[in-house]
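Shown next, in structure tokens, is the structure this report addresses.
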4 protein chains.
Amino acid sequence: MGGYTDTSDTATSPALGVAVVGAGYWGPNLLRNFQASPGFRLRWLCDLDEARSRRAVGEYSTVRTTTRLGQVLEDESVDCVAVATPAGTHHHIAMAALEAGKHVLVEKPLAATFEQGRELVRAAEERGLVLMCDHTYCYTPAVLKIRELVLGGVLGDLHFVDSVRINLGLVQRDVDVLWDLAPHDLSILDFILPDGCRPLAVAAHGADPIGAGRACVAYLTLTLPDGAIAHVHVNWLSPTKVRTTMVGGSKRTLVWDDLHPTQRVSVFDRGVDLVPGEELADDERRNALVQYRSGDMVAPALQEREALRGVVEEFAAAVHTGRSPLTDGHAGLRVLDILEAASRSLEFRGAVVPLRGLR
Amino acid sequence: MGGYTDTSDTATSPALGVAVVGAGYWGPNLLRNFQASPGFRLRWLCDLDEARSRRAVGEYSTVRTTTRLGQVLEDESVDCVAVATPAGTHHHIAMAALEAGKHVLVEKPLAATFEQGRELVRAAEERGLVLMCDHTYCYTPAVLKIRELVLGGVLGDLHFVDSVRINLGLVQRDVDVLWDLAPHDLSILDFILPDGCRPLAVAAHGADPIGAGRACVAYLTLTLPDGAIAHVHVNWLSPTKVRTTMVGGSKRTLVWDDLHPTQRVSVFDRGVDLVPGEELADDERRNALVQYRSGDMVAPALQEREALRGVVEEFAAAVHTGRSPLTDGHAGLRVLDILEAASRSLEFRGAVVPLRGLR
Amino acid sequence: MGGYTDTSDTATSPALGVAVVGAGYWGPNLLRNFQASPGFRLRWLCDLDEARSRRAVGEYSTVRTTTRLGQVLEDESVDCVAVATPAGTHHHIAMAALEAGKHVLVEKPLAATFEQGRELVRAAEERGLVLMCDHTYCYTPAVLKIRELVLGGVLGDLHFVDSVRINLGLVQRDVDVLWDLAPHDLSILDFILPDGCRPLAVAAHGADPIGAGRACVAYLTLTLPDGAIAHVHVNWLSPTKVRTTMVGGSKRTLVWDDLHPTQRVSVFDRGVDLVPGEELADDERRNALVQYRSGDMVAPALQEREALRGVVEEFAAAVHTGRSPLTDGHAGLRVLDILEAASRSLEFRGAVVPLRGLR
Amino acid sequence: MGGYTDTSDTATSPALGVAVVGAGYWGPNLLRNFQASPGFRLRWLCDLDEARSRRAVGEYSTVRTTTRLGQVLEDESVDCVAVATPAGTHHHIAMAALEAGKHVLVEKPLAATFEQGRELVRAAEERGLVLMCDHTYCYTPAVLKIRELVLGGVLGDLHFVDSVRINLGLVQRDVDVLWDLAPHDLSILDFILPDGCRPLAVAAHGADPIGAGRACVAYLTLTLPDGAIAHVHVNWLSPTKVRTTMVGGSKRTLVWDDLHPTQRVSVFDRGVDLVPGEELADDERRNALVQYRSGDMVAPALQEREALRGVVEEFAAAVHTGRSPLTDGHAGLRVLDILEAASRSLEFRGAVVPLRGLR
């Protein structure tokens, strides 16, 4: 990491040297955003496939490419490493980077298993290095606004979250639809839920109707505290793309439709109120009256901004100030916890599997 | 039933005398459709609340009202009785009507329990009377078209069905959201699925985040033969109305959006094909290649026609010809079977409950 | 009108006797709403085609039908006449009704020509009778809300109105698309525009590409005061239905999409502000800066209510209190003025035709 | 142009040296596409503002920048020049490039006036150089498909075209909304219309309600042969973005909604047929019957492909083969002809202005 001095003033900090590992699907996006960010100086693109790296940087670029991770990690001008390789290799690469004293940004999911993820978190903590998960969606203007509304109490108590992420997707060879798509929904859920509201258990149902050898359609049900519920529908076989999340609260309910660019977030002052029947016996409560609110809908103005730009800036800020990034290793771990429990539930035909109850 | 002579020629048949029991939410719709149908002569509207009956018929009407079911059943000019009362009273009223020799049309669900439903089916069969379920949605032009496409093989083998029916709904005092809304989805599923494709088991997850005393949000997962899956999301707390069903097949996938009046049904020639790896071991199949089809979408022309009109006509045709109506008592029973199993699953936190395997 | 005593207290007023003339497309809707209204007692349905009348009232009705207008007008229990016949007959029927001392509600357009319309207005005024235009759309919750927002200054100064009303429509035998559809848009425009903002002139362009003998596609451009503009697109040949009106103002702009039932009106706090360059020469103003506002969007809660119910209630209120109805004969005249000018413009290939400048 | 040898085999042709002039709004898009195209070798980015050029190429690029057009034109390795500067400078820059023997791609509109555009066309023709207009939208998969459907006769005879392009747009300092936005619609119209169907005349209505010094809202009506009509609505003041074009024909009508990425083009087998009344007098024809077709809708599969990629490839193909590009200088001239006539119409309050009738 060379002579890098920690400072809370990011603006005047020297640019951080960064290397991107992985030139596949996501790597080029990281590449582009690191190049555009004044906070970073892109040093390397590393991939086992040299030709793929060259294609990714393009023929007019001065960015260096390499097939050897060692070359990257030995380079003292590299302060940070961004890992965009398949999940199975995250642990190996990220661990090597941490051991070389580099701050690390890892593609979702943090690792292939909870245990591997935990090792990364520990390794980073022991060395005082930043370990950040690239939970990209959390940095969209829409999700940042949703978090603000939920944590600011605008929605009231959380009642339900329903998330649908379906599309004619690439049937992956190494992971099922759960591990491919649900990390998005689970990382968003983790991001917007208040601390006291973390999921307690999960049940998962899936199907492989095309005989692909792994679930292509899956439904996750998460038990939340206080009778609330979250549900995730992920599907590789849908001919149409849907990316909609509904967050229901006691005061307001919001709908996030990521494919409606001019009205992504709609906040409805509409809902059901239970007329309180104080000191009623349980049986009597069932007869308590219900009131309906039918108020206005507000679609808050959101700027159009690439989420990955926010990821890159948050990474720089965390490195400079030493604080935890908004989506740190622990967030990644909590997502892995749910994914592993959901996989077990799938195996046991939908049995409810309790979660670890991480901080 | 008086001197009514059975005939297969509905067109020239004398109009059937009909009485509607129940002047609440649905009764007036039956009333209007029986009045508009040349196949019926509306004799009575019967409700315990006389004022409600009078409001339902309106002050310019010659239709007679009564609070006494006996008066209706004794009337020889009444051939048919349509029951639109709360589910808990279906068994009592429908049984009395059958015992009085009347053909019966019953609002969904057929009865409050599977056992009661079975008694009605038996009673009708013993007497050679028509027992029809008013599974209204099955008679919409959209669902009739979907059935035609599925049974005609246009979609290929069925892979998945995903049904969402959510809205800011009336929190019912007597039933949960499952019994209130899911009968619609389950009756549609029953209507469009080929015989060999009936659900084998069900798991249900629900939540009552507002403390209403019963589930206000529920998710049903149905195991279908051959690795297929069906899923139903019903919700009283959604601020927006969604009524969308996706039916995925090996050849085509269709989306039915009931709130998109100019394009309710969209058939996508788009999907994932598994490249067949003949004689591959199970492990090898996982590496089989996948192909994507990206063809046109066709939205078939559908006439705009009130579904209840079709219900009323099918009822008349079944009575005149003696054949089973499209949505007969057995269809009603199969829906009740799933509803009861789903309720048990809800009780046992999502446990998978096998179905009876009815014909 | 018999012994009817004027009173401002509608609630306790005796029901008004009403007759509907015309059992075609629109008449049955009037019929249904008068029957449902406690303020009216429906006496007659009058149509030259008796069978059509009988079908309209239905076989269970006590409402009397007749083919003779005279019989209706002689009936002292008839206080009001609602005319839903072709436009060419409005003048004759409405005039006869006024001469018989009846209050009159006329279907749009008020008459076939401006001159005929003016005679009706005069006749009603001379006799102190109510003459109301059934500009139905003005009584939708959406248009009432738009009027409230415009007149309440929420939109600021009016900049532009753009109205699209297209559909695969019935090619009429007697009128072109302008006279068939534009009365809706023009009556709405008349309803929501402040008095000082009435159109000054109109230009119309049309086409008859199918050789129907009259314009099937038409575009109207209205010059409004202060540089504002209104535009109407009506089209019988569109395969899809669009009914969208945009009202742009200096402070806010709203979009009314009548086919989006859960979000008919959207008010955008979004726009362009000219940075004021005081005391600039005209040429310099062109270089004045522009600012963009990008605020929230609010979709006000609207009740779902049949517009014709509001028409009927307004008619009753006007008769009881003697005040002008919201859409009185003058409103109908102003619409006729524009229609006639637009027809002349069509004849002269789009020439701008000034309007009469009615109060 | 050095020793470049013309060849019809683009695939094996040497890459063409290209320079981009203008690093403002559109230049960077050209930059990116030329860089990604194997058919081109990007030599220069030229802009009077050096810093803007440097920002556009980015700090990791080997692409040279210059502020001197002369330096670009003297460079023998530059075969082609792409001009993305303000319209007022097109003539000067493109003419200089042509005189230096370079093939030229010009941003829309071709030039600031028809006369200037004609000089460019002549200059290119005299020198045997390619002059291409970057009518980008014509190279979208949607417009290419629409052209195929229209020219292939799938729509039948053309009846009407209705195009809406509205948005909260940048109020330009140098041009009104007509010259800013309508070139898109007019170039698309020019691209899809059969030769025999070129517009004959135009009328334009506009408004400047914000006092910007130029029209911010404008409506264009184009007279087409055989009673057909085209209409364009462009608007800088709309809070919502709409980009919809309807093309109505005697057999089918299509709707292109550019903001509906999963269903951009919908082809409706729905319409109005005039029942032919052979040998009828003109008056009788008015009573001819009309039939309605209500068939399926088909949304053809379209690949997602950046239009500018197609522009760049067409430019290369035209240069290599010497043939006219699909959107050549004459296409640009025809658009300029309409724009100038429309401006004159605006001046004369909507008067119909005939077009030149270019080939």
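Data for the structure
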{"read-out": "Complete set of residues in the range D:56-73 that are exposed (fewer than 14 other Cβ atoms within 10 Å of the Cβ) and in contact (Cβ under 8 Å) with a residue 12 or more places away in the chain", "value": "D:67, D:68"}
{"read-out": "Some residue of the range B:219-234 being assigned to a loop (DSSP other than H, G, I, E, B), under 27 Å from residue B:358 (Cα atoms), under 17 Å from the mean Cα position of the chain (by Cα) and of a type outside the set (Asp, Glu)", "value": "no"}
{"read-out": "Residue D:217 over 26 Å from residue C:349 (Cα atoms) and at pLDDT 95 or above", "value": "no"}
{"read-out": "Residue satisfying all of: in the range B:100-114; within 22 Å of residue B:320 (Cβ to Cβ) and over 15 Å from the mean Cα position of the chain (by Cα); surrounded by the fewest Cβ atoms within 10 Å (Cβ to Cβ) among these", "value": "B:101"}
{"read-out": "Failed criterion for residue C:116 (all others in (1) within 28 Å of residue D:209 (Cα to Cα); (2) in a helix (DSSP H, G or I); (3) not hydrophobic (A, V, I, L, M, F, W, C) hold)", "value": "(1)"}
{"read-out": "Unique residue being at pLDDT 95 or above and in contact with an Asp or Glu (Cβ under 7 Å, 6 or more places away or on another chain) when the list is D:65, D:89", "value": "D:65"}
{"read-out": "Selection within the range C:232-242 - surrounded by 24 or more Cβ atoms within 10 Å (Cβ to Cβ) and of a type outside the set (A, V, I, L, M)", "value": "C:233, C:235, C:236, C:238, C:239"}
{"read-out": "The range C:243-271, residues that are over 18 Å from residue C:190 (Cβ atoms), in contact (Cβ under 8 Å) with a residue 60 or more places away in the chain, part of a strand (DSSP E or B) and within 19 Å of the chain's Cα centre (by Cα)", "value": "C:244, C:265"}
{"read-out": "Among residues of the range D:326-349, those that are surrounded by fewer than 23 Cβ atoms within 10 Å (Cβ to Cβ), assigned to a loop (DSSP other than H, G, I, E, B) and within 14 Å of the chain's Cα centre (by Cα), counted", "value": "1"}
{"read-out": "Selection within the range A:168-189 - in a strand (DSSP E or B) and buried (at least 24 other Cβ atoms within 10 Å of the Cβ)", "value": "none"}
{"read-out": "The lone exception for residue A:129 - which of (1) farther than 19 Å from residue A:84 by Cα; (2) free of Cβ contacts under 8 Å to residues at least 40 places away in the same chain it fails", "value": "(1)"}
{"read-out": "Any hit, the range B:295-309, residues being in contact with a strand residue (DSSP E or B) (Cβ under 9 Å, 6 or more places away or on another chain) and modelled with pLDDT under 90", "value": "yes"}
{"read-out": "Residue D:52, sole failed condition from (1) surrounded by fewer than 16 Cβ atoms within 10 Å (Cβ to Cβ); (2) at pLDDT 95 or above", "value": "(1)"}
{"read-out": "Test for residue B:165: is it within 17 Å of the chain's Cα centre (by Cα), basic (Lys, Arg), closer than 22 Å to residue B:26 by Cβ and not in a helix (DSSP H, G or I)", "value": "yes"}
{"read-out": "Scan of the range C:32-63 for residues that are at the interface with chain B (Cβ under 10 Å from one of its Cβ atoms) and either β-branched (Val, Ile, Thr) or more than 28 Å from the chain's Cα centre (by Cα) (or both), ordered by number", "value": "C:57, C:58, C:59, C:60, C:61, C:62, C:63"}
{"read-out": "Hits in the range B:294-325 - residues which are assigned to a loop (DSSP other than H, G, I, E, B) and touching a Pro at 6+ places or on another chain (Cβ under 9 Å)", "value": "B:302, B:303, B:304, B:305"}
{"read-out": "Qualifying positions in the range D:244-286 - touching a helix residue (DSSP H, G or I) at 6+ places or on another chain (Cβ under 8 Å), at pLDDT below 70 and closer than 22 Å to residue D:229 by Cβ", "value": "none"}
{"read-out": "Residue tally, condition closer than 23 Å to residue D:156 by Cα and either away from chain C (no Cβ under 12 Å) or not in a loop (DSSP other than H, G, I, E, B) (or both), over the range D:192-210", "value": "9"}
{"read-out": "Test for residue B:177: is it at pLDDT 95 or above, touching a Lys or Arg at 6+ places or on another chain (Cβ under 8 Å), within 13 Å of chain A (Cβ to nearest Cβ) and under 21 Å from residue B:133 (Cα atoms)", "value": "yes"}
{"read-out": "Given (1) more than 9 Å from chain A (Cβ to nearest Cβ); (2) in contact (Cβ under 8 Å) with a residue 12 or more places away in the chain, number of the condition residue B:240 does not satisfy", "value": "(1)"}
{"read-out": "Subset of the range B:137-152 that is of a type in the set (Val, Ile, Thr) and in a helix (DSSP H, G or I) - its residue that is surrounded by the fewest Cβ atoms within 10 Å (Cβ to Cβ)", "value": "B:150"}
{"read-out": "Lone unmet requirement of (1) at pLDDT below 95; (2) in contact with a helix residue (DSSP H, G or I) (Cβ under 9 Å, 6 or more places away or on another chain) for residue D:349", "value": "(2)"}
{"read-out": "Those residues of the range B:211-227 which are buried (at least 23 other Cβ atoms within 10 Å of the Cβ) and either among the hydrophobic types (A, V, I, L, M, F, W, C) or more than 10 Å from every other protein chain (Cβ to nearest Cβ) (or both), in sequence order", "value": "B:215, B:216, B:217, B:218, B:220, B:222"}
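The values are calculated or read from the model by the stated rules, or taken from the named source; none is laboratory data. Just so it is clear, the model here is predicted, and its values are computed rather than measured. Please note: Cβ atoms are built from the backbone with ideal geometry, for glycine as well, and neighbour counts cover all protein chains shown.
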